[in-house]
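The structure under discussion appears below in the form of structure tokens.
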Amino acid sequence: MSESVHISIKGQPGGQPGGQPRGQPGPGSGPGSGPGSGPGGGLGSLPGSHLATAGVALEGAGRGERPAVRSLYIHTPFCAHKCDYCDFYSFVDTQDLQAAFVRRLCAELEALAKHSAGAPLRTIFVGGGTPSLLRVELWRDVLACLSDHYDLGLIRKWQGGDEQEGVLRSWPEAEFTVECNPESASAELFDVLHGGGVGRVSMGAQSFLPKHLSTLQRLHRPERVAVALEAARAAGIARRSLDLIYAVPGQTLEEWAVDVSTALSLGTTHLSCYNLTYEPSTGMTNRLKRGEVTAVDEEVESLMFEHTGLVLERAGLKRYEVSNYAVPGHESRHNLAYWLGEQWLAAGPSASGHVWAGASAHGGGHRFKNVGGMSAYLAGGADGYSPIGDHEPPDPVRALRERVMTGPRLAVGVDVEGVLADAVLVRPACAARLEAAALELVGDGLLVEAVDGGRRRWRVTPGGWLMADFVAKRLMKAVGE
Ligand code: SF4
């Protein structure tokens, strides 16, 4: 699928700017974040106080001018085992660093809190790593810290959703999500999470066939997924999402169809379906190079993608992003914040954040990424902030490129007037090039122009989803470097 969807697995959405996703451009490539970055890896060997901190971006971003930041990402780096395909910053948990991590995280959360002052948080997402590996008593500390320093009123108001027969009656204004792995998610943990305001879990099922879980080096048994989901439901956690991976070496279309139908049978209202990507320097990529595994044929991979959309659509889960499907109203509000260029704070090693430079997203924002090395993270930086490994100041051209990169991957599409107005201001010649490129893509059957709420939208056609990244690249080329 050379020109088709190429997206990352798990965590924050891949192939888009500003999240913590692997393969993400920009501050996703900071030191200490790659595979094999153990607790002391990367910049971990340097004293954190010698590095710039997130405060450089946050304090320098004109705090008085921009609105309060309403979203927060927290990265927990612990995993029970390092999976071969994973290039997130995580390392094998030995339990001894968890308490120190939580102490440091709470200090960081306290420092960051002033940037959300005056407004209740709209979204929190705790990813990793494996957040469900954190000991329950330490989770209590994290949740108490959030409650002490942030306004969780909106999150609590929407915790249970506003649901009738599985469909939310109105768009959830707020959500608090925690990623969980089936083998480490306990009823006690879900009770504590629910007590702290969590209303959504994202469960890493990945596959329901033991042989594919084994290839992915995932530790749980397939039946654990249903047990964990039921424990979350019993604890009162209203929204439960599953992650699946397709194009696992050796996987057939029929086997993938079983995974999708099994996920549906568990009553999930949100599914993330990512194709396995061979990230540089991961164990899985090395296995591929050595001929120990064989990548799924591109044609089969495309059929898997198309099958997913068809079956889920029939079941009432609409594709709202190229790899994400939800019953209307159950979309991930937090991930949409990334894709729509909103602001978010970031805490934890390797976490990356985005804050605007002014009153709106116009003109682009500061992007920054905490160091991934645990030693540097634990050492901390000035004023409670964390040392950062990367900081990109606002760049209006980059912001424009990001908008035309993420828009085609979303069902809502590209806001044509908004993008063209920015293009005229930032790089006038590219406005005409963008219109010409869109026209060409319409001619190729990959894009349609729609009018929604009185605004023009460029949207990929139903048959164009597989080529969403190609469409994005074509529009980005029209913007130029
Ligand atoms: S459990 Fe998830 S975060 Fe941890 S190593 Fe495996 S894929 Fe990566």
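Observations on the structure shown:
- Taking the criterion of being modelled with pLDDT of 95 or more, within 9 Å of the ligand (Cβ to nearest atom) and part of a strand (DSSP E or B), the residues of region 76-95 that qualify are 78, 79.
- For region 407-420, the criterion of being basic (Lys, Arg), modelled with pLDDT of 95 or more, within 29 Å of residue 87 (Cα to Cα) and outside any loop (DSSP other than H, G, I, E, B) is met by at least one residue.
- Criterion violated by residue 80 - all others in (1) touching a residue at least 60 places away in the same chain (Cβ under 8 Å); (2) touching a Lys or Arg at 6+ places or on another chain (Cβ under 8 Å); (3) within 20 Å of residue 183 (Cα to Cα) satisfied: (2)
- Test result for residue 179, under 28 Å from residue 146 (Cβ atoms), among the acidic types (Asp, Glu) and in the same structural domain as residue 334 (by TED's automatic domain parsing): yes
- Residue 220 at pLDDT below 95 and within 16 Å of the ligand (Cβ to nearest atom): yes
- Options 459, 433: the member that is closer than 22 Å to residue 397 by Cα, basic (Lys, Arg) and part of a helix (DSSP H, G or I): 433
- Residue 188 in a loop (DSSP other than H, G, I, E, B) and in the same structural domain as residue 227 (by TED's automatic domain parsing): no
- Unmet criterion (only one of (1) under 24 Å from residue 327 (Cβ atoms); (2) at pLDDT below 95; (3) in contact with a strand residue (DSSP E or B) (Cβ under 8 Å, 6 or more places away or on another chain)) for residue 163: (3)
- Subset of region 278-308 (residues that are surrounded by fewer than 22 Cβ atoms within 10 Å (Cβ to Cβ) and of a type in the set (S, T, N, Q)): 281, 282, 285, 286, 294, 302
Yes/no matrix, rows are residues, columns are (1) closer than 22 Å to residue 335 by Cα; (2) crowded, with 19+ Cβ neighbours inside 10 Å; (3) touching a helix residue (DSSP H, G or I) at 6+ places or on another chain (Cβ under 8 Å):
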{"position": "174", "(1), (2), (3)": "yes, yes, yes"}
{"position": "187", "(1), (2), (3)": "no, no, yes"}
{"position": "205", "(1), (2), (3)": "yes, yes, yes"}
{"position": "210", "(1), (2), (3)": "no, no, no"}
{"position": "214", "(1), (2), (3)": "no, no, no"}
{"position": "220", "(1), (2), (3)": "no, yes, yes"}
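- Failed criterion for residue 183 (all others in (1) outside any helix (DSSP H, G or I); (2) touching a helix residue (DSSP H, G or I) at 6+ places or on another chain (Cβ under 9 Å); (3) within 16 Å of the ligand (Cβ to nearest atom) hold): (1)
- The single condition from (1) over 20 Å from residue 210 (Cα atoms); (2) surrounded by fewer than 19 Cβ atoms within 10 Å (Cβ to Cβ) that residue 253 fails is (1).
- Matching option when the condition is outside any loop (DSSP other than H, G, I, E, B), away from the ligand (no atom under 16 Å from the Cβ) and under 24 Å from residue 351 (Cα atoms), among 205, 226, 113, 119: 113
- Among residues of region 293-307 that are more than 10 Å from residue 246 (Cα to Cα), those with a beta-carbon under 6 Å from a residue that is surrounded by 15 or more Cβ atoms within 10 Å (Cβ to Cβ) and of a type outside the set (A, V, I, L, M, F, W, C) at least six positions away or on a different chain give the pairs 293/249; 293/287; 294/249.
The values are calculated or read from the model by the stated rules, or taken from the named source; none is laboratory data. In this text the structure is predicted, and so the values were computed from the model without any measurement. Using ideal geometry, Cβ is built from the backbone for each residue, glycine included, and neighbour counts are taken over all protein chains shown.
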